[in-house]
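Beneath this line is the structure, given in structure tokens, with notes to follow.
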Amino acid sequence: MLLSRAKPASGPATVEEKEKKKKKLPKLEDFVGARDYTGAVTLLEFERANKKNDIQTAMWISYCYFHLGDYKRCLKEYKEITEMKGAPPEAWVYLGCTMFFLGMYKEAEEASTKGPNSKLQNRLMFHLSHKFNDEKKLMSFHKNLQDIVEDQLSLASIHYLRSHYQEAIDIYKRVLLENSSNGGSKKEFLALNVYVALCYYKLDYYDVSQEVLAVYLQHFPDSTVAINLKACNHFRLYNGKAAEAELKNLSDVCSPSFKFASDLIKHNLVVFRAGESALQVLPPLIDVIPEARLNLVIYYLRQDDIQEAYNHFKDVSPTTPQEYILKGVVNAALGQEQGLNDHIKIAQQYFQLVGGSASECDTIPGRQCMASCFFLLKQFEDVLIYLNSIKSYFYNEDQFNYNFGQAKAATGSYKEAEEIFLMIQSEKMKADYVYLGWLARCYIMNRKPRLAWELYLKQETSSESFSLLQLIANDCYKMGQFYYSAKAFDVLERLDPNPEYWEGKRGACIGLFQQIIAGHEPRETLREILAILRNTGNAQVEYIIRIMKKWAKDNRVSVT
């Protein structure tokens, strides 16, 4: 059996040695090696308070604050260092990195250029070029990247930020493979599994993301980022309750001083609880968590506050597919609500941009975007091509079925459209006039006019119920369903004595009379026709009634 080289070959320690160990003060290297930056900064501040206020100590204090995520304190330290006599020139690059994490991109660029050329400076400028959307500079710094781990991970992160998730996965996997085959520590690069899992999450492969994430969670079950990602996967795979249960584990292990984790928990709980407490939680987090603004806009959309959603998003220049999609949705909603064609055109362009991009064209959101684009263009045959390709993922999704049913009905597939509309569970959607109108039309086209009439009878008197009545009257007339057409035109005429409604009622009554003569409608219906006709004071009524009564008398049909 091989003995561990990390242990001494001598016997148990003497009492004197034990006492010596107790008195031995912990060293900075011990804290940093264990990644205990709180302990390290406590020791360093103690040393600084005891007159050891040199540049080296200040540099280590800054380093610890940076790794603790306390960038504001780190910024203060590095600024003081750059003003010291004999300060190392690389401190300017470190200051630039700190400013980058605080979102001070212009200041970060200025600080970084004061430092010496280095690999770190090139990586920082590479990321700043991405933030500035400067493609020329981005490619210039890209050329300077070398085949070393730090540079490759930096490249992978830019791929991720530009939504090139597969390219990022390829780099992470290659780094993992090379370091495991070269005898490197697998544990050292274990966190890359989280990055790979995050990429798979963005590609909508939530089950694959879970499998990759499990590798990391076996070693670090209390990781904030990993637990949060697991909760997000559960939200996508199952529901908000399952996700919330996972997030509870994070709040249990999270230190009260770890602000980022608490903000993340609060933000995600709003999402998992379908917008509960959104107005209290999300506004203060807009500058802390990038998705907070998006989720606040989504909340306003769900509350039908389209104008407020637009106000919160109008000045945002989209950079990710999610932002482009949300921009499209907000503009489409505003355009349809207020009848503004310019906004509908902008929405159509945003949807086309995402759906036609190489990175999104084969994703579910990409196909939804193309369907939305063609929907706004009223090209419903094309809408169905895209919706049919993803319908298996949205079988019980009300919003999807709402749009799918409309597209089916618009292309004349009324039987399928009726089945799809009846699958919708949302009471809010079922009370919407667009839903009622399409469902009524499907009933009529599928020869079920009675069901369409019952839809109207359930409505309260309003402009929308009046429109529904017009639809029933005209569609039933077109389909030769004259009984319900006559009833609808009769109500319309009583609500609004428009000559057109009398003409419609007259035509429907005569059409129904013809169907009775031909034996296609029961003779007893004639009594109702006469009652409907008597509701009108038009001079033609008596003449029509006289003819109908004569036929009834000749054919022994009772009309009294």
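The values are calculated or read from the model by the stated rules, or taken from the named source; none is laboratory data. Since the structure is predicted, the reported quantities are computational estimates derived from the model, not experimental observations. Virtual Cβ from ideal backbone geometry, glycine too; neighbours counted across all protein chains shown. Ligands, DNA and RNA are stripped out before the accessible areas are found, and what is left, the full protein with its side chains, is counted by its heavy atoms. Shrake-Rupley method; radii C 1.70, N 1.55, O 1.52, S 1.80 Å.
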- Task: Would you please give the FRET efficiency between Asp496 and His520, computed as 1/(1 + (r/R0)^6) with r the Cβ-Cβ distance and R0 = 25 Å, to the nearest 0.05?
- Result: 0.25
- Message: I need the Debye-formula profile for the chain: one equal scatterer per C-alpha, no solvent, reported as log10 I(q)/I(0) at q = 0.10, 0.11 1/Å, two decimals.
- Response: -1.00, -1.13
- For region 340-443, the accessible surface attributable to carbon and sulfur atoms (probe 1.4 angstrom, ligands and nucleic acids excluded) amounts in percent to 52 percent
- With label points built 7 Å along Cα→Cβ from the Cα atoms of Val208 and Glu503, find their separation and express it in nm. 6.3 nm
- Which distance in nm do the two modelled labels at Ser262 and Ser118 give, with both placed 7 Å along the Cα-to-Cβ direction? 3.4 nm
- Message: Straight-line reach only, C-alpha to C-alpha below 17 angstrom: list the aspartates and glutamates that Lys430 could link to, leaving out same-chain residues fewer than 8 apart.
- Response: Asp304, Glu397, Asp398, Glu418, Glu419, Glu454, Glu460, Glu464
- By what distance, in whole Å, do the Cα atoms of region 38-168 stretch along each of the three principal axes, largest value first? 51, 28, 26
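May I ask you to work out the translational diffusion coefficient for region 510-560 at 20 °C, viscosity 1.002 mPa s, via Stokes-Einstein with Rh from the Kirkwood sum over Cα pairs, reported in whole µm²/s? Kindly include the intermediate steps, with their values, before the conclusion.
On the way: Rh = 11.1 Å.
Diffusion coefficient, whole number: 194 µm²/s.
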- chymotrypsin sites (Phe, Trp or Tyr not before Pro) within region 341-436, DSSP loop, no more than 11 other Cβ atoms inside 10 Å: Tyr395
- Message: Going Cα to Cα from Lys478, which aspartates and glutamates come in below 18 Å? Please leave out same-chain ones fewer than 8 positions away.
- Response: Asp490, Glu500, Glu503, Glu521
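Semi-axes of the equivalent ellipsoid of region 342-495: what are they in whole Å, largest first, if each equals the square root of 5 times a C-alpha gyration tensor eigenvalue?
Equivalent ellipsoid semi-axes, largest first: 33, 15, 14 Å.
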- Query: Considering only protein heavy atoms, what is the solvent-accessible area of Trp60 at a probe of 1.4 Å, reported in Å² to the nearest 10?
  - Reply: 80 Å²
- Query: Relative contact order for the chain: what is it in percent, counting Cα pairs under 8 Å that are at least 6 residues apart?
  - Reply: 4 percent
- With axes computed from alpha carbons, what is the tilt in degrees of helix 206-219 against the longest principal axis of the chain, rounded to the nearest 10 within 0 to 90? 30 degrees
- Note on the structure: With Cα coordinates, the longest principal axis of the chain makes an angle with the long axis of helix 55-67, in degrees rounded to 10, of 30 degrees
- Item | All aspartates and glutamates inside 13 Å of Lys72 as judged from Cα atoms, apart from same-chain residues fewer than 8 positions distant | Glu80
- Unit charges on C-beta of K, R, D, E only; dipole of the chain, Debye: 620 debye
- Accessible surface, region 37-103, averaged per residue in Å² (probe 1.4 Å): 54 Å²
- When the Cα atoms of region 259-380 are enclosed in a convex hull and the volume is divided per residue, what value in Å³ results? 117 Å³
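Over region 260-300, what percent of the accessible surface lies on carbon and sulfur atoms, probe 1.4 Å? Could the numbers behind the result be given before it?
Details: 1050 of 1880 Å².
Carbon-and-sulfur percentage of accessible area, whole number: 56.
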- Task: Enter the angle in degrees (range 0 to 90, nearest 10) between the Cα long axis of helix 540-554 and the first principal axis of the Cα atoms of the chain, meaning the one along which they spread out most.
- Result: 70 degrees
- Note on the structure: For region 255-330, listing GluC sites (Glu not before Pro) in a DSSP loop whose Cβ sees at most 15 other Cβ atoms within 10 Å gives Glu276
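Quote the charge dipole size of region 441-560 about the Cα centre in Debye, to the nearest 20; the model charges only the Cβ of Lys and Arg (+1) and of Asp and Glu (-1).
It comes to approximately 540 debye.
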